[in-house]
Amino acid sequence: MSKESAKTRIGRYGDRPAIEIYTCSVAGIGRNDYNCSMIHKHPFFGRPGAGEARRGYHHGRLKDALVEAARTLISEHGPAGFTLAEAAKLVGVTAAAPYRHFADRNELIGELARRGFEFFGERLAGAWDDGQPDARAGLKRMGRAYLAFAAAEPGLYAAMFNDVKHLRQPLSCAAADKSFEGLGRAAAAVLASANVSPADVRCLALEIWALSHGTAMLAVAGHIDSARGTDPASILERGVEALIEAALKRARA
């Protein structure tokens, strides 16, 4: 059975660069054999074309270009594998230019993480779709969207979850919290029929988050792969079902 995944293409959003997000039919959760149709376009990122980076600087787009450069470099080398000077070189500006927007590399990663969490939260909210036709079905879609996001955007995902110190900026922290709140609402809906406390709901949401993150990281690294008979989405769905049943059992005790 095919799974829902995602891929990206650089496009335009009005007069701004954008990433176009596609829903894809793919064997498992991976990066190959896509059959895609665009479902979302987001003005958070954009890669300048040849010579466009320098013009973008003069039009106030240097910050966006640097964020996109960081996303590319992290995807290739990991969160610790680049400097501001390398980001500037990729964009096509001087090594001093990034300091107009970012005090250091960590601040740039924080901005990338903020945009990533906003984008991630929108993907999860869209998958939840107000819990239709029921909460468990909505939560299952959220799990698949989670895995698809990590598979399609390994660099962005790494920036978001590499080190919490990158989220110390208020806006970055708020974006991360908001994406988790969506998972909390889904957990609350799943447990709505049980006599549970807010602490119980938060506990389930954290358990689902931990399981989703672990599954996503193992899938991105290639340790679990549907081609080898270990479908990440199926593993996650079974694990989440077990967590829900355990939470309901505790509520009935």
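None of the figures in this text is laboratory data; all of them are computed from the coordinates on show. These numbers come from a predicted model, not from an experiment. Reconstructed Cβ throughout: ideal geometry from the backbone, glycine too, with neighbour counts over all protein chains shown.
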Can you name the condition, by its number, that R250 falls short on among (1) more than 30 Å from E76 (Cβ to Cβ); (2) among the basic types (K, R); (3) without any contact (Cβ under 8 Å) to a residue 40 or more places away in the chain? (3)
For the structure I just gave you, tell me whether A189 is surrounded by 17 or more Cβ atoms within 10 Å (Cβ to Cβ), under 15 Å from M142 (Cα atoms) and either out of contact with any Asp or Glu (no Cβ under 9 Å at 6 or more places or on another chain) or not aromatic (F, W, Y) (or both). yes
Out of the residues in the stretch 116-140 that are more than 21 Å from F161 (Cα to Cα) and among the acidic types (D, E), which is surrounded by the fewest Cβ atoms within 10 Å (Cβ to Cβ)? D130
I need a count of the residues in the stretch 107-166 that are part of a helix (DSSP H, G or I), free of Cβ contacts under 8 Å to residues at least 12 places away in the same chain and either touching an Asp or Glu at 6+ places or on another chain (Cβ under 6 Å) or charged (D, E, K, R) (or both). 1
Residue in the stretch 211-232 that is surrounded by the fewest Cβ atoms within 10 Å (Cβ to Cβ), counting only those that are aliphatic (A, V, I, L, M) and closer than 20 Å to L156 by Cβ: A221
Verdict on A175 being more than 17 Å from R144 (Cα to Cα) and either in contact (Cβ under 8 Å) with a residue 40 or more places away in the chain or in a loop (DSSP other than H, G, I, E, B) (or both): yes
Looking at the structure I just gave you, is P98 of a type outside the set (A, V, I, L, M, F, W, C) and outside any helix (DSSP H, G or I)? no
